[in-house]
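> Before anything else, here's the structure in question.
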Amino acid sequence: MKKLIISISLLLLSIMFTGCKSRSVGSVSGTGFYFDTVVSFTVYGTDDDTIIKELMSECERYEKIFSPTLEDSELYKLNHSAPAGTARLAFVSEDLYKCIEKAYSISRIMDGRYDITIRPVSELWDFGSEKHIVPDVKAIEEKLPYVDYHRIVLRGKWEDIKGENLDADESYEGYRIDISPDTMIDLGSVAKGYIGDKLSEYLKKKGYDSAIVSLGGNVQCLGGKLNEAGEYEDFRVAVKSPFPAEDGKEDEVIYQEVLSVRGVAVVTSGIYERCFEKDGKIYHHILDAGTGYPVENDLVSVTIVSASGLEADILSTACFIAGYEETVERLKKEAGITNFQAEFIYKDGSVRKTEGFDEFFLKN
């Protein structure tokens, strides 16, 4: 599930990271289109744009793993590797398996409120086109029985399980997943977060320690921003308001807040992007696994700040679906996910935050 609601303002903030040596203050930037969205990168401390080209190549590689629609992608092949009505035994790469494994664990903890197998229903909806067609009720009802995370089994790495009687042979490699007939996996709420983490790791291995990665609004900050003095300061990440602009100001971008961050990911899920109106009703892209229709609650957006892009991505969707009470403490206790802060914004304009969220607010 796509997040398209964060814009980035890379301005100066007078909060410096002490103890760092001065260094080259050049920077290189680039923009591309991957994962069905605009991606952008800015890397500080270099004037060589080779790293941008390498990041674009990495995006192309990850798209061939995680795209749900490219027929040569690993995820597409996994979802379509057997005729309708046929169970699948598949071996996948570590990248795909680890991403699925995380989404599966959240599905289990959330008792299916968030469900990794929403794909049979989500592919019926098209929030990216201008057609604005609501799927037929019968079509949704026919697909709902296949939306159930229990219908997939994560077996693990082949090297670790090949001694078991799993009807496999020595030629297999990778990680095994078993999928029941007609069930498919949707990683729209987790893949970009995983990729953001991996791109940050790639930059670190290349010797960079200051960069910002934006994947369709999933914002990943590597370290702090290297400023003109050769010192490190916080990045500024502006979170768009979930409410419409006043009449006559529709072209203006209104921000909910500006966050002052370093070394974290910022991801927001909301109902006001990737949506359409039909017969007076708003349909948005965050789907209820129980009904097959957009989630109906009092929320308009959830913003997550976390050291992990993967967790920020998946939590923003899970928290939106189930709400504050059912997610924040439960995920901390049952999933061991503690290093995150959250902000819930409601349709009436009220806001609820975790205790540490205000620490990220820009101090004037």
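The values are calculated or read from the model by the stated rules, or taken from the named source; none is laboratory data. Here the structure is a predicted model, which is why all the values come from computation and not from measurement. So basically every Cβ, Gly included, is an ideal-geometry build from the backbone, and we count neighbours across all protein chains shown.
> Could you please let me know if ILE314 is hydrophobic (A, V, I, L, M, F, W, C), modelled with pLDDT of 95 or more, farther than 30 Å from GLY224 by Cα and not in a strand (DSSP E or B)?
no
> Please list, ordered by first then second residue, the pairs with beta carbon atoms under 7 Å, 6 or more apart or interchain, first in region 65-82 and without any contact (Cβ under 8 Å) to a residue 60 or more places away in the chain, second part of a loop (DSSP other than H, G, I, E, B) and not small (Gly, Ala, Ser).
TYR76/PRO68; TYR76/THR69; TYR76/LEU70
> How do the pairs read when you match residues in region 135-163 that are under 30 Å from TYR175 (Cα atoms) and modelled with pLDDT under 95 with residues anywhere that are surrounded by fewer than 16 Cβ atoms within 10 Å (Cβ to Cβ) and of a type in the set (D, E, K, R), using Cβ under 7 Å and keeping only pairs 6 or more apart or on different chains?
Once the first residue is under 30 Å from TYR175 (Cα atoms) and modelled with pLDDT under 95 and sits in region 135-163, its partners that are surrounded by fewer than 16 Cβ atoms within 10 Å (Cβ to Cβ) and of a type in the set (D, E, K, R) give ARG155/ASP178; TRP158/GLU173.
> Check ILE106 against each of (1) touching a helix residue (DSSP H, G or I) at 6+ places or on another chain (Cβ under 6 Å); (2) in a loop (DSSP other than H, G, I, E, B) and name the one condition it does not meet.
Single failed check for ILE106: (2).
> Looking at region 317-364, which of its residues are in a helix (DSSP H, G or I) and within 20 Å of TYR255 (Cβ to Cβ)? Explain how you work it out, then say what you get.
At the first step, the residues of region 317-364 found to be in a helix (DSSP H, G or I) are 317-334, 357-360.
The answer is PHE320, PHE357, ASP358, GLU359, PHE360.
> So is SER107 closer than 22 Å to PHE320 by Cα and of a type in the set (S, T, N, Q) or not?
yes
> If you go through region 119-137 one residue at a time, do you hit one that is under 19 Å from LEU315 (Cα atoms) and out of contact with any Phe, Trp or Tyr (no Cβ under 6 Å at 6 or more places or on another chain)?
As a first pass, look at region 119-137 and keep what is under 19 Å from LEU315 (Cα atoms): 119, 122.
Checking which are out of contact with any Phe, Trp or Tyr (no Cβ under 6 Å at 6 or more places or on another chain) leaves us with 119, 122.
Yes: region 119-137 contains one or more residues that are under 19 Å from LEU315 (Cα atoms) and out of contact with any Phe, Trp or Tyr (no Cβ under 6 Å at 6 or more places or on another chain).
> Whether any residue in region 343-354 is within 18 Å of the chain's Cα centre (by Cα) and surrounded by fewer than 21 Cβ atoms within 10 Å (Cβ to Cβ) is what I want to check.
no
> With GLY112, GLY85 as the choices, which residue is loosely packed, with under 14 Cβ neighbours inside 10 Å and part of a loop (DSSP other than H, G, I, E, B)?
GLY85 is the lone residue from the list that is loosely packed, with under 14 Cβ neighbours inside 10 Å and part of a loop (DSSP other than H, G, I, E, B).
> Being at pLDDT 90 or above and on the phi > 0 side of the Ramachandran plot is the requirement here; does GLY349 meet it?
So GLY349 passes the test.
> Assuming SER57 fulfils every condition listed in (1) within 20 Å of the chain's Cα centre (by Cα); (2) under 27 Å from GLU273 (Cα atoms) apart from one, which condition is it?
(2)
> Do the conditions hold for LEU78, that is, is it closer than 20 Å to ALA191 by Cβ, outside the structural domain of LEU154 (by TED's automatic domain parsing), part of a helix (DSSP H, G or I) and not polar (S, T, N, Q)?
No.
> In addition: Can you tell me how many residues within region 35-54 are part of a loop (DSSP other than H, G, I, E, B), surrounded by fewer than 17 Cβ atoms within 10 Å (Cβ to Cβ) and more than 17 Å from the chain's Cα centre (by Cα)?
The total comes to 3.
> If I go through region 74-117 residue by residue, how many of them are of a type in the set (Ser, Thr, Tyr) and over 20 Å from GLY309 (Cβ atoms)?
So the count comes out to 4.
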